[in-house]
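Trainee: Got a structure for you, questions after.
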Amino acid sequence: VQLQASGGGLVQTGGSLRLSCPASGSTFNINTMGWYRQAPGMQRELVANINDRGNTLYADFVKGRFDISRDSAGNTVTLHMRSLKPEDTAVYYCYAVQFSSRSHWGQGTLVTVSS
């Protein structure tokens with residue numbers, strides 16, 4: 001499975017961005033897709049994920065501001081980010097976990113929120 005994240009950029013506080021991550025290759029057995037982020041000097045942390053049944057999980061710090069979704073084929077995960085804050089600045093990584101528990105990662109896309 002190959003993942004290609006896109007959509008990052010520079011935005012002002014309160015602004016919005018949409019991150020997208022299409023999967024290619026052996027995508028027929030993907031269970032969960034989602035996003036982690038890593039700020040400079042910080043550990044990577046879970047932002048949100050969504051499984052093949054549409055069940056979602058959000059980190060407390062993004063609840064009510066971010067929405068995660070998958071397309072009907074289940075191969076593209078999208079993260080809509082609203083009301084962005086400077087502390088949301090990070091490299092955002094998409095990932096996919098197959099039913100075999102094998103995980104795959106995208107290359108990351110930088111989100112910068114200016115104050």
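The values are calculated or read from the model by the stated rules, or taken from the named source; none is laboratory data. The shown structure was predicted, so the numbers you read here are calculated from the model rather than taken from an experiment. Heads up, the Cβs are rebuilt from the backbone with ideal geometry, glycines too, and the neighbour counts pull from every protein chain shown. Only protein heavy atoms, including side chains, enter the accessible area calculation; ligands, DNA and RNA are left aside. Shrake-Rupley method; radii C 1.70, N 1.55, O 1.52, S 1.80 Å.
Trainee: Quick one: how many residues across the stretch 68-82 are open to solvent by 70 Å² or more (accessible area, probe 1.4 Å) and at pLDDT 95 or above?
Mentor: Adding up the residues that qualify gives 2.
Trainee: Surrounded by fewer than 14 Cβ atoms within 10 Å (Cβ to Cβ), in a loop (DSSP other than H, G, I, E, B), out of contact with any Pro (no Cβ under 9 Å at 6 or more places or on another chain) and at negative phi - does that describe any residue in the stretch 1-11?
Mentor: no
Trainee: I'm checking my understanding of the structure. Among residues of the stretch 83-115 that are over 15 Å from VAL11 (Cβ atoms) and among the aromatic types (Phe, Trp, Tyr), which one is surrounded by the fewest Cβ atoms within 10 Å (Cβ to Cβ)?
Mentor: PHE99
Trainee: Of the residues that make up the stretch 38-46, is at least one open to solvent by less than 20 Å² (accessible area, probe 1.4 Å) and not in a loop (DSSP other than H, G, I, E, B)? Lay out the reasoning, then the answer.
Mentor: As a first pass, look at the stretch 38-46 and keep what is open to solvent by less than 20 Å² (accessible area, probe 1.4 Å): none.
So far as the stretch 38-46 goes, no, none of its residues is open to solvent by less than 20 Å² (accessible area, probe 1.4 Å) and not in a loop (DSSP other than H, G, I, E, B).
Trainee: Within the stretch 57-67, take every residue that is within 12 Å of the chain's Cα centre (by Cα) and outside any loop (DSSP other than H, G, I, E, B) and give me the one that is surrounded by the fewest Cβ atoms within 10 Å (Cβ to Cβ). Reasoning before the result, please.
Mentor: To start, the set of residues in the stretch 57-67 that are within 12 Å of the chain's Cα centre (by Cα) comprises 57-59, 62, 66-67.
If we keep only those that are outside any loop (DSSP other than H, G, I, E, B) too, we end up with 57-58, 62, 66-67.
On the way: LEU57: 13, TYR58: 18, VAL62: 21, PHE66: 22, ASP67: 16.
In this case the residue turns out to be LEU57.
Trainee: Moving on. Does THR27 count as among the β-branched types (Val, Ile, Thr), over 12 Å from the mean Cα position of the chain (by Cα) and open to solvent by 50 Å² or more (accessible area, probe 1.4 Å)? Let's see the steps before the verdict.
Mentor: Working: among the β-branched types (Val, Ile, Thr): yes; over 12 Å from the mean Cα position of the chain (by Cα): yes; open to solvent by 50 Å² or more (accessible area, probe 1.4 Å): no.
So THR27 fails the test.
Trainee: Which residue pairs have Cβ atoms closer than 7 Å, lie 6 or more positions apart in sequence or on different chains, and pair a first residue in the stretch 104-115 that is assigned to a strand (DSSP E or B) with a second residue that is modelled with pLDDT under 95 and open to solvent by 20 Å² or more (accessible area, probe 1.4 Å)?
Mentor: So the pair list comes out as HIS104/VAL1.
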